[in-house]
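Once you've had a glance at the structure underneath, I'll fire off some questions.
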Amino acid sequence: MIPFLDLKAQYTSIKSEIDTAIRGVLDSCGYILGPEVAKLEEEFAAYSGAQFGIGVNSGTSALHLSLLAAGIGPGDEVITVPFTFVATIAAIEYAGAKPVLVDIDPKTYNMDPAALEAAITPRTRAVIPVHLHGLMAEMDPILEIARRHNLVVIEDACQAHGAEYKGKRAGSLGDLAAFSFYPGKNLGAYGEGGMVVTSNPDLAKKVRMLRDWGAEKKYHHVLKGYNYRLEGIQGAVLRVKLRHLEAWTEGRRRAAAHYDRLLGAAGIVIPEPKPYQRHVYHVYAIRTTQRQAWQEALNARGIQTGIHYPFPVHLLPAYSDLGYKSGDFPHAERAAAEVLSLPMFPELTTEQCETVARAVIELAESKLAAAS
Ligand SMILES: Cc1ncc(COP(=O)(O)O)c(C=O)c1O
């Protein structure tokens, strides 16, 4: 049995550190925000190459508050991609703005910068590139287009802790960036969590107020805010885990390199980061037109897989009111129909990678045999 993700293995490896950290919060009663969250904010901002970190209760809240702090609201258009988790688009609507979607590059699954430029209107105020699967979007052209059109850039870095583009970390390139600490993420809490990072002191101050009822200090509410605070226990857990994150990321990259070598040689479509991108493999996705059959066959051999994501957001019933239709974003639609995520977590062994790769290659070869 090879699981898709093994949270238990990770907890077991750091159990005593985690248990001590949680006991510390219980003893100090710093349940909401508090010193552990404040230290995590400093440490995670530094890790991401940004000046300020503001802990919130989810990646979705981080996106929502980033948009609000940037002054995005009704009448504004925000450009992003349909091949993402639904939260990216939901957050734009929470802010009262209109999501405008553009297609992806079929090789990276990230925003196509040429499509971004073509979608800009006089109402466009912001762009949210999503660093999908842990691979950063093509930030140079995106930032250049944004600068020319005076757009705010908010990185959706919810899947990209520690990813790099030309030596710069996810979170250090946009005006603001949103991270998720959902348990399965590369840096995951033991509950919900998220963070906004930015190097702009005014934006940081606004996000900090908005996440705690818009208050400058207790009962001094200067903005209409939210209860989006990060819990102390999550802060303590995440601080322990942050100390291990680089080693875990290298574990993922090692596993990905094994997959690459075996699957690439067999002609399977594998992730293709450019030499200047540090992929952190939140997800390791291959592609196949036989996805359902492959998923069932792998499952029958005890190999769990996932799909990130089976539907592009514009084809989900909840977002039919955006007015898009099938065929509008062919690359996103095809990717959603074909991607298959293989087991990926830092503790995945070479042997497990080989078992998975062998099973996938057999499926690919049996398809070729059937076709000939
Ligand atoms: C790309 C992307 N954006 C946003 C989110 C939302 O994060 P959360 O689940 O912490 O609200 C997620 C994670 O689920 C994500 O993968």
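The values are calculated or read from the model by the stated rules, or taken from the named source; none is laboratory data. As the structure is a prediction and not an experimental result, all values here were calculated from the model. Methodologically, a virtual Cβ is constructed for each residue, glycine included, from the backbone with ideal geometry; neighbour enumeration extends over all protein chains shown. We work out accessible area using only protein heavy atoms, side chains counted, and drop any ligands, DNA or RNA first. Shrake-Rupley method; radii C 1.70, N 1.55, O 1.52, S 1.80 Å.
Rank-order 69-76, 306-313 by packing density, defined as the average count of other C-beta atoms within 10 Å over each peptide's residues, highest first.
The densest-packed peptide leads the list: 306-313, 69-76.
Grab the other residues whose beta carbon is less than 13 angstrom from that of ASP105, score K and R as +1, D and E as -1, and report the net.
So the environment of ASP105 carries a net charge of -1.
Another question, then. Could you order peptides 346-352, 24-30 by the average number of other Cβ atoms within 10 Å of their residues, highest first?
Top to bottom by mean Cβ count within 10 Å: 346-352, 24-30.
Can you compute the modelled spin-label distance between ASP19 and GLU296, with each label point 7 Å from Cα toward Cβ, in nm?
Modelled inter-label distance: 4.5 nm.
Along the charge dipole of the chain, Cβ charges K/R +1 and D/E -1, which of SER48, ALA91, VAL360 sits furthest on the positive end?
SER48
With only Lys, Arg, Asp and Glu charged, each at its Cβ (+1 for the first two, -1 for the last two), find how big the charge dipole of the range 1-136 is about the Cα centre; round to the nearest 20 debye.
160
Let me ask something else about it. Please list the radius of gyration and Dmax for the range 1-134, considering alpha-carbon atoms only, with Å as the unit.
19.1, 56
Within the range 216-308, which chymotrypsin sites (Phe, Trp or Tyr not before Pro) sit in a loop by DSSP and count at most 14 neighbouring Cβ atoms inside 10 Å?
Taking the range 216-308 and a limit of 14 other Cβ atoms within 10 Å, the loop chymotrypsin sites (Phe, Trp or Tyr not before Pro) found are TYR219, TYR276.
At 1.4 Å probe size, with no ligands or nucleic acids counted, give the accessible surface of LEU151 in Å², nearest ten.
20
Out of all DSSP beta bridges in the range 100-187, what portion is antiparallel? Express it as a percent rounded to 5.
35
Which of the GluC sites (Glu not before Pro) found in the range 1-109 are in a DSSP loop and have at most 15 neighbouring Cβ atoms, other than their own, within 10 Å?
Passing both the DSSP loop test and the Cβ count: no residue.
Heavy atoms only, probe 1.4 Å: what % of the accessible area of the chain goes to carbon and sulfur, would you let me know?
C and S atoms contribute 54 percent here.
Would you work out if the chain is rounded, prolate or oblate? Take a ≥ b ≥ c from the square roots of the eigenvalues of the alpha-carbon gyration tensor; rounded if a/c is under 1.5, else prolate when a/b is larger than b/c, oblate otherwise.
The shape class here is oblate.
Separate question: Output the DSSP H helices from the chain with an along-axis C-alpha extent of no less than 27 Å and a mean Kyte-Doolittle hydropathy no less than 0.0.
350-371
Please get the size of the charge dipole for the range 260-372, origin at its Cα centre, with Cβ charges of +1 on Lys and Arg and -1 on Asp and Glu, quoted in debye to the nearest 20.
Here the range 260-372 has a charge dipole of around 160 debye.
Put +1 on the Cβ of every Lys and Arg and -1 on every Asp and Glu Cβ in the chain; which of ALA114, ALA336, VAL222 then has its Cα farthest towards the positive end of the dipole?
VAL222
With a Förster radius of 41 Å, plug the Cβ-Cβ distance of GLU365 and SER326 into 1/(1 + (r/R0)^6) and report the FRET value to the nearest 0.05.
0.80
For the peptides 112-125, 51-64, what is the packing order when you average, over each peptide's residues, the other Cβ atoms within 10 Å and list the highest mean first?
For the peptides 112-125, 51-64, the packing ranking is 51-64, 112-125.
Using the Cα centre as the reference, give the magnitude of the dipole from point charges on the C-beta atoms of the chain (Lys, Arg: +1; Asp, Glu: -1; all else neutral), rounded to the nearest 20 debye.
With only Lys, Arg, Asp and Glu charged at Cβ, the dipole is about 440 debye.
Tell me, rounded to the nearest percent, the portion of alpha carbon pairs in the range 194-300 spaced more than 17 Å apart.
72
If the chain between GLU354 and VAL269 were fully stretched, how many nm would it gain, using 0.36 nm times the residue separation less the Cα-Cα distance?
28.9 nm
Based on C-alpha coordinates, I'd like the Rg and Dmax of the range 124-245, in Å.
15.5, 44
Enumerate by residue number the trypsin sites (Lys or Arg not before Pro) in the range 155-207 meeting two conditions: DSSP loop (anything except H, G, I, E, B), and at most 15 other Cβ atoms within 10 Å of the site's Cβ.
Counting only loop positions with at most 15 other Cβ atoms within 10 Å, the trypsin sites (Lys or Arg not before Pro) in the range 155-207 are LYS166.
Within the set LYS39/LYS206; LYS39/LYS168; LYS168/LYS217; LYS98/LYS224; LYS8/LYS241, which residue pairs have Cα atoms separated by over 24 Å?
Pairs exceeding 24 Å: LYS168/LYS217.
Quote to one decimal, in nm, the extra length available between LYS168 and GLU43 on full extension: 0.36 nm per residue of separation minus the C-alpha distance between them.
Stretched out fully, the LYS168 to GLU43 stretch lengthens by 43.3 nm.
For the chain, give me the percentage of DSSP beta bridges that are antiparallel, rounded to the nearest 5 percent.
Here the share of antiparallel DSSP bridges comes out near 65 percent.
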